1. Which entries of LYS24/LYS55; LYS3/LYS24; LYS24/LYS48 have Cα-Cα distances beyond 27 Å here?
2. For an R0 of 35 angstrom, estimate the FRET efficiency from the Cβ-Cβ distance between GLU11 and ALA43 and round to the nearest 0.05.
3. Applying a 10 Å radius around every beta-carbon, put 45-57, 83-95, 64-76 in order of their mean neighbour count, most first.
4. Taking 0.36 nm per intervening residue step and subtracting the Cα-Cα distance, what contour gain separates SER57 from ARG78 on full extension?
5. Once you charge only the Cβ atoms, +1 for Lys and Arg and -1 for Asp and Glu, what is the size of the charge dipole of segment 1-74 about its Cα centre, to the nearest 20 debye?
6. Using per-residue counts of other Cβ atoms within 10 Å, averaged over each peptide, order 11-23, 31-43 from highest down.
7. Provide the net charge surrounding GLN60, with neighbours chosen by a C-beta distance below 14 Å and charges set as Lys +1, Arg +1, Asp -1, Glu -1.
8. Could you compute the net charge surrounding LYS48? Neighbours are other residues with a C-beta less than 15 Å from the C-beta of LYS48; K and R count +1, D and E count -1.
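What follows is calculated from the coordinates using simple rules that are stated; it is not laboratory data. Owing to the predicted nature of the structure, the values given are computational and were not obtained by experimental measurement. Glycine gets a Cβ as well: all are built from the backbone with ideal geometry, and neighbour counts include every protein chain shown.
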Amino acid sequence: MKKTNFDRYLEEQLEDPAFAARFKRAGEAWDVALQLAALREQAGLSQKDLAGKLKTSQQQISRLESPGYEGHSLSMLRCVAKVLHARVRVVLEADEPGKTGALAEETVPYRARRTVD
């Protein structure tokens with residue numbers, strides 16, 4: 001398939017690490033928004049109906065379903081999922097397989113200390 005001007009522009013912009021990070025975060029927020037809206041619609045609920053079940057406002061549901069919103073809390077997502085008979089799954093992955101973030105200090109295994117009377 002032939003690349004469009006936008007495809008070439010996006011490739012160029014993605015070379016900037018800051019832009020690439022923002023672009024990835026926007027995609028993640030978009031995914032959450034689409035999933036919430038799809039589950040709500042599958043349940044046959046309007047935003048107002050869902051808001052009523054969650055004892056919140058229709059505006060809050062609209063915000064949760066907005067691709068630009070990044071303030072989703074885990075507790076709110078769990079509440080929405082419960083009402084929509086779904087589950088929340090969060091996956092954290094290392095940027096590169098086998099590579100984890102560097103720690104400032106060595107990890108120390110936890111050991112309970114016993115005191116002698």
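1. Working: LYS24/LYS55 32 Å; LYS3/LYS24 21 Å; LYS24/LYS48 30 Å.
Long pairs (Cα-Cα over 27 Å): LYS24/LYS55; LYS24/LYS48.
2. The computed FRET efficiency comes out at 0.35.
3. Numbers: 45-57: 15.2, 83-95: 9.8, 64-76: 13.4.
Order by mean packing, descending: 45-57, 64-76, 83-95.
4. Fully extending the segment from SER57 to ARG78 adds 5.9 nm.
5. Dipole about the Cα centre, nearest 20: 300 debye.
6. Values: 11-23: 10.6, 31-43: 15.3.
Highest mean packing first, the order is 31-43, 11-23.
7. With Lys, Arg at +1 and Asp, Glu at -1, the net is +3.
8. On the way: positive: ARG40, LYS53, LYS55, ARG63; negative: GLU41, ASP49, GLU65.
Neighbour charge sum, excluding LYS48 itself: +1.
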